[in-house]
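Here you go, one structure.
Only the coordinates and a few stated rules stand behind these numbers; no lab work does. In this text the structure is predicted, and so the values were computed from the model without any measurement. Cβ placement follows ideal geometry from the backbone for every residue including glycine, while neighbour counts extend to all protein chains displayed.
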Amino acid sequence: MERPLVGGSSGPTPPPTPPPPEDRAAFFRAIATDGDDEIAGVAALCDAHANVQGVELLPYHRFGEYKWKEMGVTYPMRGGRTPSRETIASVKRKFEARGVRVIA
């Protein structure tokens, strides 16, 4: 019997992936938000891990929204808007002001 692609049990949960060694470079991937508290929190995470080289900003988009509709599941980010170039630039400046390298 085949397993369902969505829902149902897929067997035991695999163990969590161990964090990368401190000598291996890593970047945080973050959904772009212009909230100062969120930016401060991500910047603090960057500071807490010597191997984190910076943040990659991932602006919100709606490309996959139709998949949720086809599955009959409520889209959790409904109403979200793609940030403007100005917002992305502002978030980038805020991270850089905290000493965090940004890939955008």
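May I ask you to compute the full-extension gain from Y60 to A26, defined as 0.36 nm times their residue separation minus their alpha-carbon distance, rounded to one decimal in nm? Could the numbers behind the result be given before it?
Details: separation 34, 0.36 × 34 = 12.24 nm, distance 2.14 nm.
Contour length minus Cα-Cα distance gives 10.1 nm.
Here's another thing I want to ask about it. For S84 paired with E70, estimate the spin-label separation in nm (one decimal), with each label point 7 Å from Cα along the Cα-to-Cβ line.
About 3.4 nm, to one decimal.
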